[in-house]
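Report on the structure given below.
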Amino acid sequence: MGLTAVEEQAVERAAAEPMLDQVLAWAAVNSGSRNLAGLRAMADLLTDAFSVLPGSLMPEEPAPVTGVDAAGKAFEIEHGKHLHLTVRPEAPVQLLFTGHMDTVFGADHAFQTTRRLDDGVLNGPGVADMKGGIAVMLAALQAVEATEFARNFGYEVVLNSDEEVGSLSSGPLLTRAARGKKAALTYEPAALPDGTLAGARPGSGNFDFVIRGRSAHAGRNPEDGRNALLAAADLALRLAKAKGPRLSINPARMEGGSPNNVVPDFALLRVNMRPATPEDEARARSIIDGSVAMVRAEHEVAIEIHGGFGRPPKPLDPNAEGLFNIVKQAGSDLGQTIAWQPSGGVCDGNNIAACGVPVVDTMGVRGGKIHSEEEYLIVESLAERAALSALTILRLARS
């Protein structure tokens, strides 16, 4: 297909932006999902960086989110503010770009600094997931804004503070921003170090089962007790037996219990489920309801269910395939081989796809070993992926 003169100019400009300097500066700020001070500092840096773009850039308050503590009590979870940029909302073509400023590394984590490795590789917290991706997004948008075709499209950018913990406080914002969009690009790192994109994704739900029985003396009158810990174990086993190729079920943590001479009257079971399709999600809900009903009846305990499916399944439908093919052609015209494959992970792309908007959610850098102290970014991929994004955006704006 080849590049037009305007495309070539945009690609060259995107690749030349000082992305590595930005990554180094941003990675020096700890912005773990629960580090509110660090997230404020990161939001300030990103506000300065994204102020070069036109439009209205505003902080957004997090939506209320509740959790369940080890005693089974609900409490409000604090989250950082999110950044929301709106540019040319009246334009005929509307796109969405999303990223996250939080990392999995808390303020007290040992992994806090970057270091250069051999062969153009940078190791550091969040360099791939996804401070490198945010730099790529910004470079591409700056390059496209400098072209004559910028007036043809409008867009929203959402940079949230809670992606790594499920985007529960930014989910409503993502849903609003996705409305009416032709397509979306999210800047998670590539699924593989060679640049392969993530295609279909399962959904994900996190559930807390609060189980309350009745205490009694373990020797004198155990028959008067209702063992909450035993009921929790029974529930975990029933749920685990229902897992299969299209539904992952992981009973992950059990808390509660009592001294050895007391029948325990409290237990807490935490479970993650990952359904492959919306139909599998509906089946998972039925499995939960049926299992809870049976355990309640057999053990004579009370069970409260907290949580839900925060990430809907993201199958690869024809609209999504069409967007992937646009990215693939752009890559081919740049000499990049772009492929995609299913992924077991989840991200904000799940939420966007559930709004009926096609999304490619791994437009960020090439790298690997994310969520570990070995996380790395392949430095040359900053320019490479910025060029890919700029060309993709131009073609979406003109199609």
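The values are calculated or read from the model by the stated rules, or taken from the named source; none is laboratory data. Note that the coordinates shown come from a computational prediction; the quantities given were computed from them, not determined experimentally. Note: ideal-geometry Cβ built from the backbone for every residue, glycine included; neighbour counts use all protein chains shown. Only protein heavy atoms, including side chains, enter the accessible area calculation; ligands, DNA and RNA are left aside. Shrake-Rupley method; radii C 1.70, N 1.55, O 1.52, S 1.80 Å.
Residues in segment 143-184 that are of a type in the set (Lys, Arg) and either open to solvent by less than 10 Å² (accessible area, probe 1.4 Å) or modelled with pLDDT of 95 or more (or both): Arg176, Arg179, Lys181, Lys182. Close Cβ contacts (under 6 Å, 6 or more residues apart or on different chains) running from residues in segment 329-345 that are over 30 Å from Met273 (Cβ atoms) to residues that are β-branched (Val, Ile, Thr) and assigned to a loop (DSSP other than H, G, I, E, B) comprise Gly331/Ile338.
Scanning segment 364-386 for residues that are aliphatic (A, V, I, L, M) and open to solvent by 10 Å² or more (accessible area, probe 1.4 Å) yields Ile370, Ile378, Val379, Ala383.
Might you check whether a residue that is out of contact with any Pro (no Cβ under 6 Å at 6 or more places or on another chain) and of a type in the set (S, T, N, Q) occurs anywhere in segment 253-264? Looking through segment 253-264, at least one residue is out of contact with any Pro (no Cβ under 6 Å at 6 or more places or on another chain) and of a type in the set (S, T, N, Q).
Looking at Ala135, Ala140, which one is more than 14 Å from the chain's Cα centre (by Cα), under 28 Å from Pro318 (Cβ atoms), crowded, with 24+ Cβ neighbours inside 10 Å and of a type outside the set (Phe, Trp, Tyr)?
None of the others qualify; the one that does is Ala140.
When the strands (runs of 3 or more DSSP E) confined to segment 20-104 are screened for residues that are farther than 30 Å from Arg270 by Cα, those reaching at least 1 such residues are found at 56-60, 82-87, 93-100. Could you tell me which numbered condition Asp289 fails, if it satisfies all but one of (1) in a strand (DSSP E or B); (2) loosely packed, with under 15 Cβ neighbours inside 10 Å? Exception for Asp289: condition (1). Test Thr47 against the criterion of being buried (at least 21 other Cβ atoms within 10 Å of the Cβ) and either of a type in the set (D, E, K, R) or under 30 Å from Ala150 (Cβ atoms) (or both), and give yes or no. For Thr47, the condition - buried (at least 21 other Cβ atoms within 10 Å of the Cβ) and either of a type in the set (D, E, K, R) or under 30 Å from Ala150 (Cβ atoms) (or both) - is not met.
Taking the criterion of being open to solvent by 100 Å² or more (accessible area, probe 1.4 Å) and part of a helix (DSSP H, G or I), the residues of segment 236-251 that qualify are Leu237, Lys241.
Taken residue by residue, segment 264-283 has at least one member that is part of a loop (DSSP other than H, G, I, E, B), surrounded by fewer than 21 Cβ atoms within 10 Å (Cβ to Cβ), modelled with pLDDT of 95 or more and under 22 Å from the mean Cα position of the chain (by Cα). Please enumerate the residues belonging to segment 217-235 that are surrounded by fewer than 18 Cβ atoms within 10 Å (Cβ to Cβ) and of a type in the set (S, T, N, Q). Once the filter is applied, which keeps residues that are surrounded by fewer than 18 Cβ atoms within 10 Å (Cβ to Cβ) and of a type in the set (S, T, N, Q), segment 217-235 yields only Asn221. What residue, among those in segment 58-101 that are surrounded by fewer than 15 Cβ atoms within 10 Å (Cβ to Cβ) and of a type in the set (Asp, Glu), is farthest from Leu185 (Cα to Cα)? Among them, the one singled out is Asp69.
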